[in-house]
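Asker: Pasting a structure below so you can have a look.
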Amino acid sequence: MQAILKGLMAAAVALAASNASAATIEDVKKNGILTCGTNSATAGFSLPDNEGKWTGFVVDYCRAVAAAVLGDAQKVRFIPLTPKDRFTALQSGEIDILAHNATWTSSRDTSLGILFAGTYFYDGQGFMVRKAENIGSAKDLDGASICVTQGTTTELNLADYFRSHSISYSTVGFADEEAVVKAYEEGRCDVLSADSSTLNASRQRMANSDDSIVLPELISKEPLGPAVRQGDDHWFNVAKWTLLVMVSAEELGVTSQNVDEMKSSENPNIRRLLGVEGSIGKDLGLADTWSVDVIKQVGNYGEVFDRNIGKDSPLKMERGLNALWNQGGLQYAPPVR
């Protein structure tokens, strides 16, 4: 009997959690603001300026979700989170959505009570070293001390890579990216390891950026994407399709500059994308203009990429794997129909 009662109590708790999380979109609409958890020290991805204004690639994703749900891309409150506390903040309901440089993995999808709503950046883990050391490959790092951010996939990837190549190493861990970069600059470790995008962004901000290089090897797959709580399929679909609409818009040539005139296009794919035909807005519980609001206020995927981390930014990152599927990359959106 006691076992049965425990089972019933667990089921009741699970049901209550599900009911609570299922109200995310209603809470966002009621509050009139989207609460987005993100990192606060990655140039090009998520960084507040001296006046507290947030800019970056993942910041713009959150603004796109706000435009979709609230019709206003500026109605976002950004909550800076360390890698160690980011998932707890999502689980507890402190934030509505997590747009961190977080890697989509099986364990995170199945054991943390969260779901990744797609991949907005395909990345891989790499290494930054000092030019003076004349290191040309990750395989030359035998005995190196490596600075890493705690609570990330970085440590596990290092263990796998160095064990498989029979290379010895040691790690020096810190709570956040800013502390890791500072430790590397102060010479407290030989190497800095993180996602390649993070390494390039961190190097850009270093006082002596030309003294270091990022090695060409990538030792892992790091699909970075937004995450939401499990048990709320409606909110999961909104988070997912906001990203997919931005990708579709780039593929169809719809930009923030031409979106209004594109509404009169005869192309049925464009008409469905922009809500002129079909029912995607109604199906998602959003206004018919939601996709237009996203594209007009924030831009398509390519626009967001280029201005934050690509050709129009200081980082000058190549699209690479993040190019559209028909241009040699992996960014691919299912049909809007």
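Asker: Check residue 77: other-chain or 5+ apart residues with amide H under 5 Å from its amide H, H built from backbone geometry?
Answerer: Hits under the 5 Å cutoff: 34, 35, 36.
Asker: On to the next question. How much of the pair distance distribution for the stretch 79-137 lies past 13 Å, counting alpha-carbon pairs only, in percent? Walk me through the intermediate numbers first.
Answerer: Details: 1173 of 1711 pairs.
Everything past 13 Å amounts to 69 percent.
Asker: OK, next. How would you classify the stretch 33-137 from its alpha-carbon gyration tensor, with a ≥ b ≥ c the square roots of the eigenvalues: rounded for a/c under 1.5, else prolate if a/b is greater than b/c, otherwise oblate? Before the final figure, lay out each step's value.
Answerer: Numbers: a/c = 2.16, a/b = 1.41, b/c = 1.53.
In terms of gyration-tensor shape, oblate.
Asker: Shifting gears a bit: Round to the nearest 10 and give me the degree value, 0 to 90, for the angle of helix 57-70's Cα axis relative to the longest principal axis of the chain.
Answerer: 10
Asker: Need one value: the accessible area of residue 188 in square angstrom, 1.4 angstrom probe, rounded to the nearest 10.
Answerer: 130
Asker: Same structure again: Calculate the radius of gyration of the Cα atoms of the stretch 125-220 to one decimal place, then report Dmax, the largest Cα-Cα distance, as a whole number, both in Å.
Answerer: Looking at the stretch 125-220, its Cα Rg and Dmax stand at 11.9, 35 Å.
Asker: Let me ask something else. How much net charge surrounds residue 257 when only the other residues with a Cβ under 12 Å from the Cβ of residue 257 are counted, with Lys and Arg +1 and Asp and Glu -1? All intermediate terms of the calculation are to be shown ahead of the outcome.
Answerer: Working: positive: 296; negative: 260, 261, 303.
Charge balance near residue 257 sits at -2.
Asker: With the contact rule set at Cα under 8 Å and sequence spacing of 6 or more, what percent relative contact order holds for the chain?
Answerer: Working: 620 pairs, mean separation 71.0, N = 337.
For the chain, the relative contact order is 21 percent.
Asker: Mind checking the full-extension length gain between residue 288 and residue 27? Use 0.36 nm per residue of separation minus the Cα-Cα distance, one decimal, nm. All intermediate terms of the calculation are to be shown ahead of the outcome.
Answerer: Working: separation 261, 0.36 × 261 = 93.96 nm, distance 2.01 nm.
Extra length available between residue 288 and residue 27 comes to 92.0 nm.
Asker: Can you give the extra length, in nm with one decimal, that the chain gains between residue 204 and residue 312 once fully stretched, where that is 0.36 nm per residue apart less the Cα-Cα distance?
Answerer: 37.4 nm
Asker: Provide, for q = 0.22, 0.23 Å⁻¹, the log10 of I(q)/I(0) from a solvent-free Debye sum over equal Cα point scatterers in the stretch 164-286.
Answerer: The calculated log intensity ratios at q = 0.22, 0.23 Å⁻¹ are -1.25, -1.32.
Asker: OK, next. Which values, in whole Å and largest first, are the semi-axes of the equivalent ellipsoid of the stretch 53-113 obtained as the square root of 5 times each eigenvalue of the Cα gyration tensor?
Answerer: On the way: eigenvalues 99, 30, 26 Å².
Semi-axis lengths for the stretch 53-113 are 22, 12, 11 Å.
Asker: Please compute, for the alpha-carbon atoms of the chain, the extent along each of the three principal axes and give them in descending order in Å.
Answerer: Here the Cα extents, ordered largest to smallest, are 65, 60, 39 Å.
Asker: Another question, then. Quick one: of 29/75; 53/75; 53/263; 131/311; 182/311, which pairs are farther than 22 Å apart, Cα to Cα? Provide the component values of the computation, followed by the final result.
Answerer: Values: 29/75 11 Å; 53/75 13 Å; 53/263 32 Å; 131/311 25 Å; 182/311 27 Å.
Over 22 Å Cα-Cα: 53/263; 131/311; 182/311.
Asker: Between beta-carbons, use under 10 Å as the cut-off and find the net charge around residue 150, counting Lys and Arg +1, Asp and Glu -1.
Answerer: Within the 10 Å Cβ shell, the charges total -1.
Asker: Please list, ordered by chain and number, the residues whose modelled amide H lies under 5 Å from the amide H of residue 147; skip anything fewer than 5 residues away on the same chain.
Answerer: Amide H neighbours of residue 147: 172, 190, 191, 192, 193.
Asker: Given the options 89, 248, 158, identify the residue whose Cα lies farthest towards the positive end of the charge dipole of the chain (+1 on Cβ of Lys, Arg; -1 on Cβ of Asp, Glu).
Answerer: The residue sitting most towards the positive pole is 89.
Asker: May I pose another question? Give me the accessible area of residue 205, 1.4 Å probe, in Å² rounded to the nearest 10.
Answerer: Its heavy atoms expose roughly 120 Å² to the probe.
Asker: Sticking with this structure for a sec: Determine the sum of side-chain charges near residue 167: Lys and Arg each +1, Asp and Glu each -1, restricted to other residues whose C-beta is under 12 angstrom from that of residue 167. Walk me through the numbers before you get to the answer.
Answerer: Values: positive: 139, 163; negative: 140, 142, 160.
After counting each charged neighbour, the total is -1.
The values are calculated or read from the model by the stated rules, or taken from the named source; none is laboratory data. Fair warning: this is a prediction, and the values are worked out from it, not measured in the lab. In this analysis, Cβ positions are derived from the backbone assuming ideal geometry, glycine residues included, and neighbour counts consider all displayed protein chains. The area values use the complete protein model at the heavy-atom level, side chains included, leaving out ligands, DNA and RNA. Shrake-Rupley method; radii C 1.70, N 1.55, O 1.52, S 1.80 Å.
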